[in-house]
Amino acid sequence: MSRTERDKFPNFINGKWVESDRYFENRNPANNALIGTISEAGQAEVDAAVQAARDALNGPWGKMSTAKRSEMMHAVADGIMARFDEFVAAEIADTGKPYSLASHLDIPRGAANFKIFADVVKNVPTESFDMVTPDGGQALNYGVRGPKGVIAVICPWNLPLLLMTWKVGPALACGNTVVVKPSEETPATATLLAEVMNEVGVPPGVYNVVHGFGKDSAGEFLTRNQHVNAITFTGETGTGEAIMAAAAKGVRPVSMELGGKNPGVVFADADFDKAVAGIARAAFDNSGQVCLGTERVYVQRSIFDNFVAALKAKAESFKLGDPLADGTNFGPLVSQEHRRKVLSYYQKAVEEGASVVTGGGIPVLDDALKDGAWVQPTIWTGLPESAAVVREEIFGPCCHIAPFDTEDEVIALANDTPYGLAATVWTSDVGTAHRMGRALNVGICWINSWFLRDLRTAFGGSKHSGIGREGGVHSLEFYTELKNVCVKL
Ligand code: NAD
Ligand code: 6OD
């Protein structure tokens, strides 16, 4: 079964394409060209998707062995790689990100997310305890993991396939069924993945996609549906709060991967060039639209001026342009709406007294790209820690750089935020590295690296950055129900 009109993004329910009577536009943020129309799921379509997911739990999927399911997940990964170019093109059209990024990060990780959890579910044992019973006999306890049921997967737009499969991979590997609500900005790869699911024989109803917005739309209809057994969400902290409120009815578990205002810390003893390159990635990759990105950089005073100058040179060396052109390594923001938000922070920085080291506005580009959602990579210095651009998540290609003197001082500065997602620290002193790793209140602390991912490790945020951990066996904690069987011998 295939989707013949490539400019249509229908819902995918019970293995079939389903259109509703409401549509909205999908536009390419690099040039604002119309990509196609997205079918907005209403209450009826969302309820049908959840019902299909429920029914599928009682069909062949529910009876399938872990080994067979794992094989099928490998086939999904292979199916993505077999259609690599289509996935890359779809992700680029939806986001405007450069080819180099989509082809090296987004799509390979989309496939890897199925493989890793296919292997994890086969290899993780459960616990077992012998006990002496009060009558002097014996009993054996052992753990059994089963799927939670229907999982709602609600996704953002910044790394659409990567972040969606990061949740769909483990959810399906554990035997659940899913209803995915991709971001309204980026419907394409979730829709393409539905074709792969059908191609490799994933039973109807196991993977469903409903398109639409959040409030009063598909997102809210999905999270309020009482037949959804658990909700896994990636997105803004405020949206996470609304989803948690919906999940409270029916006491449904949530996994929350939320916003951040992540510190980058550069000690004077760091390898200077590597630190500059690493912070440049953390601040500007994907045009700053990475939850793990660094918008607050603290640099030890003795190297501060040189570091600012070197990061400025890096920022000014990016090649903005057609995402498909050779050498392009910097794309637009995801939408005009997001550009308005980012530009409002660019303005606020100036109003609050920042020195603009570079950028601060809209770049001049070829006529073909003039209607795109472009902003300049931007660096500020000179602001107090209370400034809005130092405290609030902007989610754009920008950072504020401040000097520090001592380790204790920078730990206090880095931790002074309601968020707690990630940090990147640069030092050549192994003692400093380990002390910083322990002292920073974040879910993941990179030392001399950034966004270096081993998918077996725990991933998630503390404070306003989230609830729970996913990755490796940690994903099993969320996507399975652990039962204890106690057998009196
Ligand atoms: P968002 O919260 O605006 O939207 C995310 C998804 O939630 C979208 O699909 C949206 O339609 C849906 N949604 C919105 N309101 C809803 C509601 N009331 N009920 C149900 N669904 C609703 O986030 P975004 O703008 O798409 O993404 C950017 C944000 O995501 C940033 O804050 C970023 O830090 C965060 N993020 C976090 C991580 C992480 O791993 N911690 C990863 C990526 C992005
Ligand atoms: O690498 C991952 O697994 C992950 N969840 C990355 C999140 C990136 C945020 O934009």
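Data for the structure
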quantity	calculated
Filtered residue count, segment 119-133, keeping only those that are within 14 Å of ligand 2 (Cβ to nearest atom) and out of contact with any Gly (no Cβ under 8 Å at 6 or more places or on another chain)	0
Residue in segment 218-239 that is under 30 Å from Glu409 (Cα atoms), within 9 Å of ligand 1 (Cβ to nearest atom), among the charged types (D, E, K, R) and surrounded by fewer than 23 Cβ atoms within 10 Å (Cβ to Cβ) present	yes
Which numbered condition Ser128 misses (of (1) out of contact with any Lys or Arg (no Cβ under 6 Å at 6 or more places or on another chain); (2) open to solvent by less than 20 Å² (accessible area, probe 1.4 Å); (3) farther than 27 Å from Cys291 by Cβ)	(2)
Any hit, segment 52-68, residues being within 28 Å of Asp285 (Cβ to Cβ) and among the hydrophobic types (A, V, I, L, M, F, W, C)	no
Single residue of segment 425-452 satisfying the filter (without any contact (Cβ under 8 Å) to a residue 12 or more places away in the chain and under 25 Å from the mean Cα position of the chain (by Cα)) that is surrounded by the fewest Cβ atoms within 10 Å (Cβ to Cβ)	Arg438
Options Gly136, Gly146; residue that is on the phi > 0 side of the Ramachandran plot, away from ligand 2 (no atom under 16 Å from the Cβ), open to solvent by 10 Å² or more (accessible area, probe 1.4 Å) and in the same structural domain as Arg83 (by TED's automatic domain parsing)	Gly136
Residue list for segment 456-482, filter: basic (Lys, Arg) and free of Cβ contacts under 8 Å to residues at least 60 places away in the same chain	Lys463, Arg469
Qualifying positions in segment 1-26 - assigned to a strand (DSSP E or B), closer than 30 Å to Ala325 by Cβ and open to solvent by less than 90 Å² (accessible area, probe 1.4 Å)	Lys8, Phe9, Phe24, Asn26
Test: residue in segment 433-448 that is of a type outside the set (S, T, N, Q), closer than 30 Å to Val150 by Cβ and within 14 Å of ligand 1 (Cβ to nearest atom)	yes
Close pairs from segment 284-310: first within 30 Å of Asp106 (Cβ to Cβ) and hydroxyl-bearing (Ser, Thr, Tyr), partner within 16 Å of ligand 1 (Cβ to nearest atom) and in a helix (DSSP H, G or I), Cβ under 7 Å, at least 6 apart	Thr294/Ala282; Thr294/Ala283
Whichever residue in segment 57-93 is more than 27 Å from Trp157 (Cβ to Cβ) and among the small types (Gly, Ala, Ser) and, among such residues, is surrounded by the most Cβ atoms within 10 Å (Cβ to Cβ)	Ser70
Residue match in segment 405-420 (condition: open to solvent by less than 10 Å² (accessible area, probe 1.4 Å) and either of a type in the set (S, T, N, Q) or in contact with a Leu (Cβ under 7 Å, 6 or more places away or on another chain) (or both))	yes
Within segment 118-137, considering residues that are assigned to a strand (DSSP E or B) and not small (Gly, Ala, Ser), the one farthest from the chain's Cα centre (by Cα)	Val132
Verdict on Gln376 being among the polar types (S, T, N, Q), under 25 Å from Ser100 (Cα atoms) and open to solvent by 20 Å² or more (accessible area, probe 1.4 Å)	yes
Flag for Met244 being over 30 Å from Arg83 (Cβ atoms) and part of a helix (DSSP H, G or I)	yes
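Each row is one residue, and each column tells you yes or no for (1) farther than 30 Å from Thr133 by Cβ; (2) in a helix (DSSP H, G or I).
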residue	(1), (2)
Leu383	yes, no
Val389	yes, yes
Cys399	yes, no
Pro403	yes, no
Gly437	yes, yes
Leu455	yes, no
Glu477	no, yes
Cys486	no, no
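The values are calculated or read from the model by the stated rules, or taken from the named source; none is laboratory data. Fair warning: this is a prediction, and the values are worked out from it, not measured in the lab. All Cβ positions, even for glycine, are placed from backbone atoms using ideal geometry, and neighbour counts span all protein chains on display. With ligands, DNA and RNA removed, areas are computed over all heavy atoms of the protein, side chains included. Shrake-Rupley method; radii C 1.70, N 1.55, O 1.52, S 1.80 Å.
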